[in-house]
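J.: Handing you this structure, nothing more for now.
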Amino acid sequence: MTRFLAGRLVRAVFILLVITVSNFFLIHAAPGDPAAVMAGESGDADPQFLEQLRERFGLDKPLYVQLGIYVSHVVRLDLGYSYRQQLPVLDLILERLPATLLLSLSAFAVSLGLGILAGAMAAARQGRLSDTLISLFALIFYATPLFWLALMAVLLFSIELGWLPGFGYETVGAGYAGFARALDIAKHLVLPAMTLGLFFMAVYVRMTRASMLEVSQMDFVKTAKAKGLRPRVIQRRHVLRNALLPVVTLAGLQAGQLVGGAVLIETVFAWPGIGRLMFEALSQRDYNLLLGVFVVSAAMVLLFNLITDVLYRFVDPRIRVAS
Amino acid sequence: MRRLLTIPFALALTVSAALADPVSGGKLDLIVQPEPPSVMIGITTNGPALLVGGNIYESLLRYDENLKPMPSLAKSWETSEDGLTYTFHLQEGVKWHDGKPMTSADVMFSVEDFLMKLQPRHRNLMSHVAKVVAPDDNTVVFTLKEPFEAFIRGFAFYTMPIVPKHIYEGTDYQTNPANEKLIGTGPYKFAEWKRGSYIKLVKNEDYYLPGKPYIDELYYHVIPDGASRAVAYETGQVSVLPGGSVENFDIPRLSKLANTCTTEKGWEYFAPLSWLWLNNRKPPMDNVKFRQAVMFALDREFAKDVLWNGYGKVSTGPISSKVPFYANVGPSYPHDPAKAKALLKEMGYDGKPLKLLPLPYGETWQRWAEAVKQNLADVGIPVEIESTDVAGWNQKTSQWDYDIAFTYLYQNGDPAIGVDRNYKSSQIAKGNPFNNVEGYSNPEVDKLFTEAAVAFPAAKRQELYDKVQAKLREDVPVAWLLELGFPTIYNCNVENPISTASGLPNSLRDAWIKK
């Protein structure tokens, strides 16, 4: 186990480095630079102004020198300064991280929990009305674009019914504290987390259902039936557990996107998270900030892949034996 | 002295009180879009930064809707008869937000040091100035090299914000920690910035105008999606949508909501004028007949009525009708496809397809590009739309890599400040998207603009600007589109939200909320 972990960690660091370098070149290949964007917004610029900006950002140096400086900083866990916001990149990311994690973890929990539950229910009642309904809704959520669902949810729950706030992280200027504040944030969380979770929930429903139906044809299930176990026990202990492997794989993938995968939802619901930070940094060519977000999200993907691999060994002891 | 000074203020108060009695208190929720990088407007001068920072910093003057100067940090001023000396008398008892007194030394520091180092616009203005002196704590005297009548309109809150000497002197201005904890003299103080969510300002209790400002707290909400901003207003979570903060197609619906007021005021100083840059260096745009044909081909009334909901005005030429020295002289260009076709035939246009670069500022501009494409196709000019993002647009225009490109620019109160930079041949320089990007070069126009800037008195300037406007309208260096109108949409409980030519960023000290 230790050897397995050590090997994976070394590989992860190498992959992270390759990602960082290739991202660096990709970003610099886009037209324009942060100085041009900032000059563009100011509505007035002379060569002296642009020169000042480029010098301040270190953009006047050759590209390979900039890369060298950047990588040597990242190795020391220093993500640099955001050109535009004049603040350390790490601070900006950490400031946004809690909001993003709250949103994506809630969505993750909701989609995984409800998805497996509904999928298992559908599989157990194969061919009945409840199965058809669950599958139908799963298909609808699977096929509908997220932003449209988000807008419709706002239209219904915020404007028409007035039940839930349509945007933001909390009520600004209300001065809530303690439990009242938590409740306020929870209210704001419902719509974005639900919309973000729906797509993956649909995927889990379909996957759990299909996988359970497949497993229930297997010989050991027949044996269990022959043994006279109750159907409920068979479903839970024999079928579901064996059917979960593909779901865990997928959950690992979803978990990898926890940090950077909610750009659309964060934008529509004005949720102050990392996805938006990344999108804005991209359009403003804030190289350092963008690279910083990339590095952090790549690290998250690698971390969750590792966790998934470890989880496999618990869910399915056969894998432990094979490696 | 203190006592004497309060009398005019008391009078001013009673005059406005005749309309309705302002009441103190309440909070105001506004939109700021997009989130600015900083609101230190001595350094960052983009629109959203001004919207917030204009409450924190002030300049010597403010301007009414006809661009007449009004007192701000200067309570009065005189201009010498030869137009060379400008003397400003500062308000007394003005304090910085940290409690230190504001004096002429701060003005000197801002004008001669801080802004000179950081602001291209300020460097331009100061090129007309021979010297600045401060004979005492409350007086600043500018002496010009030659008369420059536009000078009096160069003291707006964002062209010359006064910054605190005691905080910035001897430091690196760009990285000074005060850029995050802002210290100004304005009616509102910086309180909190939750990045990605909101910026909060609070009332400056020690403001030098007694009783003002009226509102206790300002919240500027950051909502990145246009539809969500509209929702925020509909659900009452924000009560002011500054001009340009929702998509144009939402405006008719929002302005019909109950208890909703709209106004087009507050853009007179900026006077945004839109046009198509026609790259004069390349054929066929190098041919004046082609450029005139483009003007006749464009249906600008349609653009105004449909894409801009009737707000704004069809432009007649290089100077906006809101700016001094505007004149309706020279040829005019109504929508006339037949004339455009005739001109194209006359010049022997070969039907070569051209690239059109829209502004990357949202749906309205994309649709406008479609409309222009169709207008041009109707007279036989095939056009391909080439979309890009903000950085790409800046890159392409400032490197002259385009055929036809949309843009709009502020005119900043005077043709000598915001207009001639787009037409003088001395302003042709790569790397800047706000100068003579089209590459138009005409010695006659150069001469007229140069003379008009420094002619004295105003009547002489008018004569020269008449000539240059007529000449430009004949030559069509760019295809002028609209004087843009950006309506402010707000809840009618907000009283007097706009009282200057620079609108919301410069007016909230006089605004109040009905109980």
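The values are calculated or read from the model by the stated rules, or taken from the named source; none is laboratory data. Computed from a predicted model, the values in this text were never measured in an experiment. With ideal geometry, Cβ positions are generated from the backbone for all residues, glycine too; neighbour counts draw on all protein chains shown.
J.: Would you mind finding the one in A:ALA210, A:ALA243, A:ALA226 that is surrounded by 20 or more Cβ atoms within 10 Å (Cβ to Cβ), among the small types (Gly, Ala, Ser) and out of contact with any strand residue (DSSP E or B) (no Cβ under 7 Å at 6 or more places or on another chain)?
T.: Selected residue: A:ALA243, the only one of A:ALA210, A:ALA243, A:ALA226 that is surrounded by 20 or more Cβ atoms within 10 Å (Cβ to Cβ), among the small types (Gly, Ala, Ser) and out of contact with any strand residue (DSSP E or B) (no Cβ under 7 Å at 6 or more places or on another chain).
J.: Name the pairs whose Cβ atoms lie under 8 Å apart, with the first residue in the stretch A:54-81 and within 18 Å of A:LEU290 (Cβ to Cβ) and not assigned by TED's automatic domain parsing to the domain that holds A:ASP33, the second at pLDDT below 85 and loosely packed, with under 12 Cβ neighbours inside 10 Å, and 6 or more positions between them or separate chains?
T.: Pairs found: none.
J.: In the set B:ALA377, B:ALA338, B:ALA391, which member is within 14 Å of chain A (Cβ to nearest Cβ) and without any contact (Cβ under 8 Å) to a residue 24 or more places away in the chain?
T.: So the residue among B:ALA377, B:ALA338, B:ALA391 that is within 14 Å of chain A (Cβ to nearest Cβ) and without any contact (Cβ under 8 Å) to a residue 24 or more places away in the chain is B:ALA391.
J.: Let me ask something else. How many residues does the stretch A:18-59 hold that are within 32 Å of the chain's Cα centre (by Cα) and either basic (Lys, Arg) or assigned to a helix (DSSP H, G or I) (or both)?
T.: 19
J.: Would you point out which residue out of B:MET285, B:MET295 is part of a helix (DSSP H, G or I) and farther than 30 Å from A:VAL172 by Cα? Don't jump to the end; show me each part of the working.
T.: Working: B:MET285 fails: part of a helix (DSSP H, G or I).
Criteria check complete, one pass: B:MET295.
J.: Given (1) part of a loop (DSSP other than H, G, I, E, B); (2) within 14 Å of chain B (Cβ to nearest Cβ), identify the lone condition not met by A:TRP148.
T.: Single failed check for A:TRP148: (1).
J.: A further question follows. Do we have any residue at all in the stretch A:249-267 that's hydroxyl-bearing (Ser, Thr, Tyr), farther than 25 Å from A:LEU77 by Cα and either within 14 Å of another protein chain (Cβ to nearest Cβ) or out of contact with any Ser or Thr (no Cβ under 9 Å at 6 or more places or on another chain) (or both)?
T.: yes
J.: If you don't mind, there's one more thing I want to ask. Being surrounded by 12 or more Cβ atoms within 10 Å (Cβ to Cβ), β-branched (Val, Ile, Thr) and part of a helix (DSSP H, G or I) is the requirement here; does A:VAL71 meet it?
T.: Taking the combined requirement at face value, the residue satisfies it.
J.: I've got another one for you. Within 14 Å of chain A (Cβ to nearest Cβ) and under 29 Å from B:TRP393 (Cα atoms): which single residue out of B:GLU247, B:GLU217 fits that description?
T.: Residue meeting the stated conditions: B:GLU247.
J.: Show me the strands (runs of 3 or more DSSP E) found entirely inside the stretch B:133-231 where at least 3 residues are at pLDDT 90 or above and touching a helix residue (DSSP H, G or I) at 6+ places or on another chain (Cβ under 8 Å).
T.: Once the strands (runs of 3 or more DSSP E) in the stretch B:133-231 are filtered for at least 3 residues that are at pLDDT 90 or above and touching a helix residue (DSSP H, G or I) at 6+ places or on another chain (Cβ under 8 Å), what remains is B:139-144, B:217-221.
J.: Being more than 14 Å from chain B (Cβ to nearest Cβ) and assigned to a helix (DSSP H, G or I): is that true of A:LEU245 here?
T.: Judged against the criteria, A:LEU245 is a match.
J.: Determine, yes or no, whether A:GLY80 is on the phi > 0 side of the Ramachandran plot and either within 13 Å of chain B (Cβ to nearest Cβ) or surrounded by 15 or more Cβ atoms within 10 Å (Cβ to Cβ) (or both).
T.: In short, yes.
J.: A further question follows. Look through the stretch B:394-416, keep the residues that are touching a Gly at 6+ places or on another chain (Cβ under 9 Å) and more than 10 Å from every other protein chain (Cβ to nearest Cβ), and return whichever of them is nearest to B:LYS282 (Cα to Cα).
T.: Among those residues, the one meeting the criterion is B:TRP400.
J.: On the basis of being of a type in the set (A, V, I, L, M, F, W, C), within 14 Å of chain B (Cβ to nearest Cβ), within 21 Å of the chain's Cα centre (by Cα) and crowded, with 17+ Cβ neighbours inside 10 Å, does A:ALA99 make the cut?
T.: So A:ALA99 fits the description; yes.
J.: Return yes when B:TYR57 is closer than 26 Å to B:VAL240 by Cα and surrounded by 20 or more Cβ atoms within 10 Å (Cβ to Cβ) and no when it is not.
T.: yes
J.: Next question, about the same structure. Quick test for you: out of B:ALA429, B:ALA405, B:ALA452, B:ALA416, pick the one residue that is closer than 24 Å to B:ASP475 by Cβ and in a strand (DSSP E or B). Give the steps one after another, and end with the answer.
T.: On the way: B:ALA429 fails: in a strand (DSSP E or B); B:ALA452 fails: in a strand (DSSP E or B); B:ALA416 fails: in a strand (DSSP E or B).
B:ALA405 is the lone residue from the list that is closer than 24 Å to B:ASP475 by Cβ and in a strand (DSSP E or B).
J.: Also: Suppose the filter is within 30 Å of B:PRO34 (Cα to Cα) and either surrounded by 21 or more Cβ atoms within 10 Å (Cβ to Cβ) or over 26 Å from the mean Cα position of the chain (by Cα) (or both); does B:LEU343 pass it?
T.: no
J.: Which of the following residues is assigned to a helix (DSSP H, G or I), hydrophobic (A, V, I, L, M, F, W, C) and out of contact with any Phe, Trp or Tyr (no Cβ under 6 Å at 6 or more places or on another chain): A:LEU240, A:LEU264?
T.: Of the residues listed, the single one that is assigned to a helix (DSSP H, G or I), hydrophobic (A, V, I, L, M, F, W, C) and out of contact with any Phe, Trp or Tyr (no Cβ under 6 Å at 6 or more places or on another chain) is A:LEU240.
Table: residues versus (1) buried (at least 16 other Cβ atoms within 10 Å of the Cβ); (2) within 14 Å of another protein chain (Cβ to nearest Cβ); (3) part of a loop (DSSP other than H, G, I, E, B).
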position	(1), (2), (3)
A:LYS61	no, no, yes
A:ALA109	no, no, no
A:LEU112	yes, no, no
A:THR132	no, no, no
A:SER135	yes, no, no
A:ILE140	no, no, no
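J.: Please enumerate the residues belonging to the stretch B:241-282 that are of a type in the set (Lys, Arg) and either buried (at least 21 other Cβ atoms within 10 Å of the Cβ) or outside any helix (DSSP H, G or I) (or both).
T.: Scanning the stretch B:241-282 gives B:LYS256, B:LYS265, B:ARG281, B:LYS282.
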